[in-house]
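A.B. asks: Quick one: the structure is below, questions incoming.
The numbers here are math on the coordinates, done by the rules we state, and not lab data. None of these values were measured; they are calculated from a predicted model. Glycine gets a Cβ as well: all are built from the backbone with ideal geometry, and neighbour counts include every protein chain shown.
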Amino acid sequence: MRLSSSVLAAATVPLASAQLHYWAQKAGLEFFGAATDTPGFRERAPYPAQYSKYDEIFADPKEFGQTTPTNGQKWMFVEPEPGVFNFTEGDYVANLAKKTGKLLRCHALVWHSQLAPWVEQTKWTPDELKAVIKRHIFGVAEHYKGQCAHWDVVNEALDEDGSYRKSVFYNVLGEEYIKLSFQWAAEADPGTKLYYNDYGIERPASVKTAGAIRIVKLLKDAGIRIDGVGMQGHLHADNHPTMEDHVKTLTAYAELVPEVAFTELDVRIKVPVNESKLAWQKESYQFVAESCIRVPQCVGITLWDFYDPFSWIPHVFPDNGAALPWNEDWSKKPAYDGLIEIFKKFAKEKEDKEGKGKGKKERRLIA
Ligand SMILES: *[C@@H]1O[C@H](CO)[C@@H](O)[C@H](O)[C@H]1NC(C)=O
Ligand SMILES: *[C@@H]1O[C@H](CO)[C@@H](O)[C@H](O)[C@H]1NC(C)=O
C-alpha cells in the first residue's frame, strides 16, 4: 500500500516509540500482541529486505507481549497427509515467542478453511471422521503442550446467517464435532485456555453473535469446558462497530465465559487511502481498545500482523488495504497514536484510582 507523500506526512506519528503492550498492561489488559508468519512464505515472500526491521519491532517486549502464528499451526501445514505431522512452521512462531518472551495464542485446531485437502476429499463415516479429528487434536495440542496460553479450538463454525457452516465436520457429525473438539483439546493440553474464535461476532445484533452464544451454551449445557470467545475483529474503517456495540457484545460473552479477546484485529480501508479514512480507522482501533479495557473479562488484543505489506487483506479483498498500524515505509498510522492515547488515558485513571485507594489506606493506618 503506497500512500501519497502528503497523506503519509499527515499520517506519520512523530513519537519515536510509545509501545503498545507496555501501555496496554498499564491500562489493565493482560497483553497487546501481533500475529506473525514464517519468513519467506506467502505475503512475506517478496519482502526479505524488510525482515530485519520487522524482527526488531516484533521482538520489542514493550511493543508486543503476545503472538499467534497466522498460518503455521493450521491443518494443511501441520497434518498435510493423514497422520503425518509437520511442525516446521508452527514451531518457528512458537520458538520465536519463547525467544522474545511473548505469550503464545495457538491457532487453530478445527477449521474448514486451509484444511488439508485429504480431509475434504474423503467420504467419511461418522466414526472415521471422529478418529481423524481426535488424532489431529491430540497430535497437534500434545506437541505444543505447555506452550499455548490459549488454543482456538474451533474456528469459524458459523455461516453468514448464523447457522452452522456446512463444513465437512458439520456435514458428517453435526454439532457433535464442536463438543468432541473441545473435550479432546482439554484432554490433550489441560493447561491451555480453550477458545471459540470467529469473525463478524463483534456486534450485539449480529446473527453470528447469537450463533457464537449458542455454541458457548451448547458446550456449557453439556458440561464441556470453554474458557473464552475470540472475536477476530477484521473490521472496516468506514463501517465499524461503535464502542457501545463492542461493550454490549463483550459483556454478553463475559456473562457466559471467563474471558474474551480480540484475536485477529485489523481495520481495512477502501483504497485510495485519505485522511478521513485514516481517522475512521483510528476511531475503530480506539473503540476496540477502550471496550476491552472497560470489560474486565477482556484479556487482550492481537493484531493480525502489524506491517501492511505482510497483511492478508489486499490479497483477499482487492480494493482494500492499509489495515495495520505500520505503513510500508515503517511510519505509523494515526491508529497507532490513537491506541496509545486510549491506553495512556486508562493507565492514568487506573493509577489515580489506585493512588487514592492507597491514600485512604494510609490515612486509616494513621487514624
Ligand atoms: C515441512 O514443512 C516445511 C515448511 O512448509 C517444508 O519446507 C518441509 O518440506 C516439510 N517437511 C516435509 C517432510 O514435508
Ligand atoms: C476520503 O474519501 C471518502 C470516501 O470517498 C470521502 O467520503 C471523504 O470525504 C474523503 N476525505 C478527504 C479528506 O478527502
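A.B. asks: To make sure I understand the rule: partners must be lysines, Cα under 18 Å from the Cα of Lys333, and not fewer than 8 residues away in the same chain. Which ones qualify?
C.D. replies: The reachable lysines, counting only those whose Cα sits under 18 Å from Lys333, are Lys53, Lys270, Lys277, Lys282, Lys344.
A.B. asks: I need two numbers for segment 6-157: Rg to one decimal and Dmax as a whole number, Cα atoms only, in Å.
C.D. replies: 18.2, 61
A.B. asks: For the pair Ala222 and Arg42, what calculated FRET efficiency results from E = 1/(1 + (r/R0)^6), where r is the Cβ-Cβ distance and R0 = 41 Å, to the nearest 0.05? Show your work: numbers first, answer last.
C.D. replies: Working: r = 37 Å, r/R0 = 0.91.
It comes out at approximately 0.65.
A.B. asks: Another question, if that's okay. Can you sort Phe77, Phe306 from fewest to most other Cβ atoms within 10 Å of each residue's own Cβ?
C.D. replies: On the way: Phe77 20, Phe306 24.
Exposure proxy ranking, most exposed first: Phe77, Phe306.
A.B. asks: Additional query: For the ranges 264-273, 22-31, 134-143, 94-103, what's the packing order if you count other beta-carbon atoms within 10 Å of each residue, average per peptide, and put the highest first?
C.D. replies: Per-residue mean Cβ counts within 10 Å order the peptides as 264-273, 22-31, 134-143, 94-103.
A.B. asks: Compute the signed sum of charges (Lys and Arg +1, Asp and Glu -1) over the other residues within less than 10 Å, Cβ to Cβ, of Phe58.
C.D. replies: Neighbourhood net charge equals -3.
A.B. asks: Let me ask another. For segment 230-367, what Kirkwood radius comes out of the mean inverse Cα-Cα distance, in Å?
C.D. replies: With all distinct Cα pairs of segment 230-367 included, I get 16.3 Å.
A.B. asks: Under the classification rounded if a/c is under 1.5, otherwise prolate if a/b is larger than b/c and oblate if not, where does segment 33-110 fall, given a ≥ b ≥ c as square roots of the Cα gyration tensor eigenvalues?
C.D. replies: Numbers: a/c = 2.53, a/b = 1.47, b/c = 1.73.
Because a/c hits 1.5 or more and a/b fails to exceed b/c, segment 33-110 counts as oblate.
A.B. asks: Could you work out the local net charge near Glu349, counting Lys and Arg as +1, Asp and Glu as -1, over the other residues with Cβ closer than 12 Å to its Cβ? It would help to have the intermediate numbers written out before the result.
C.D. replies: Details: positive: Lys26, Arg294, Lys344, Lys345, Lys348, Lys350, Lys353, Lys356; negative: Glu290, Glu351, Asp352, Glu354.
Here the charged neighbours net out to +4.
A.B. asks: Follow-up question, since we're still on this one. Return the calculated 222 nm mean residue ellipticity for the chain, to the nearest 500 deg cm²/dmol, obtained by summing -39500 (n - 2.57) across DSSP H runs with n ≥ 4 and dividing by the residue count.
C.D. replies: On the way: 14 runs with 165 residues, N = 367.
Theoretical 222 nm ellipticity from helices: -14000 deg cm²/dmol.
A.B. asks: Hey, another quick one. Taking the 0 to 90 degree range and rounding to the nearest ten, how far is the long axis of helix 334-366 tilted relative to the main principal axis of the chain, both from C-alpha atoms?
C.D. replies: Around 80 degrees separate the two axes.
A.B. asks: Where does helix 243-254 land angle-wise versus the long Cα axis of the chain, in degrees 0 to 90, nearest 10?
C.D. replies: Helix 243-254 sits at roughly 40 degrees to that axis.
A.B. asks: What does the convex hull of the Cα atoms of segment 5-366 come to per residue, in Å³, rounded to a whole number? Show your work: numbers first, answer last.
C.D. replies: Working: hull volume 55.0 nm³, N = 362.
So the per-residue Cα hull volume is 152 Å³.
A.B. asks: I've got another one for you. Arrange the peptides 284-293, 179-188, 151-160 so that the one whose residues have, on average, the most other Cβ atoms within 10 Å appears first.
C.D. replies: Values: 284-293: 25.0, 179-188: 21.3, 151-160: 23.3.
Highest to lowest by the protection proxy: 284-293, 151-160, 179-188.
A.B. asks: Just add up the charged neighbours of Leu103: K/R +1, D/E -1, any other residue whose Cβ is under 12 Å from the Cβ of Leu103.
C.D. replies: Details: positive: Lys98, Lys102, Arg105, Lys193; negative: Glu30.
Cβ neighbours under 12 Å give a net charge of +3.
A.B. asks: Tell me, what ³J(HN,Hα) does each residue in segment 186-191 have, in order and in whole Hz, if you take phi through Karplus 6.51 cos²θ - 1.76 cosθ + 1.60 with θ = phi - 60° and put x for Gly and Pro?
C.D. replies: Along segment 186-191, the couplings run 5, 6, 6, 9, x, x Hz.
A.B. asks: By how many degrees, between 0 and 90 and to the nearest 10, does the Cα long axis of helix 88-99 differ from the longest principal axis of the chain?
C.D. replies: Orientation of helix 88-99: about 40 degrees from the principal axis.
A.B. asks: What fraction, in whole percent, of alpha-carbon pairs in segment 135-243 exceed 19 Å separation?
C.D. replies: The proportion of pairs with Cα distances above 19 Å equals 46 percent.
A.B. asks: Let me ask something else. I want to verify the translational diffusion coefficient of segment 196-264 in µm²/s; compute it with Stokes-Einstein, Rh as the Kirkwood radius over Cα pairs, at 25 °C and 0.890 mPa s.
C.D. replies: Details: Rh = 12.1 Å.
For these conditions, the coefficient is 203 µm²/s.
A.B. asks: So, one more: Mind checking the alpha-carbon convex hull of segment 76-162 and giving the volume per residue in Å³? If you can, show how the numbers build up before the last one.
C.D. replies: Numbers: hull volume 9.7 nm³, N = 87.
In segment 76-162, the Cα hull volume divided by residue count equals 111 Å³.
A.B. asks: Shifting gears a bit: Return the percentage of antiparallel bridges among DSSP beta bridges fully within segment 137-244, rounded to the nearest 5 %. Before the final figure, lay out each step's value.
C.D. replies: On the way: 1 of 10 bridges.
Antiparallel bridges make up about 10 percent of those DSSP assigns within segment 137-244.
A.B. asks: Here's a follow-up. Report the antiparallel proportion of the DSSP beta bridges in the chain as a percent, rounded to a multiple of 5. Can you show the working numbers first?
C.D. replies: Working: 5 of 38 bridges.
For the chain, the DSSP antiparallel bridge percentage is about 15.
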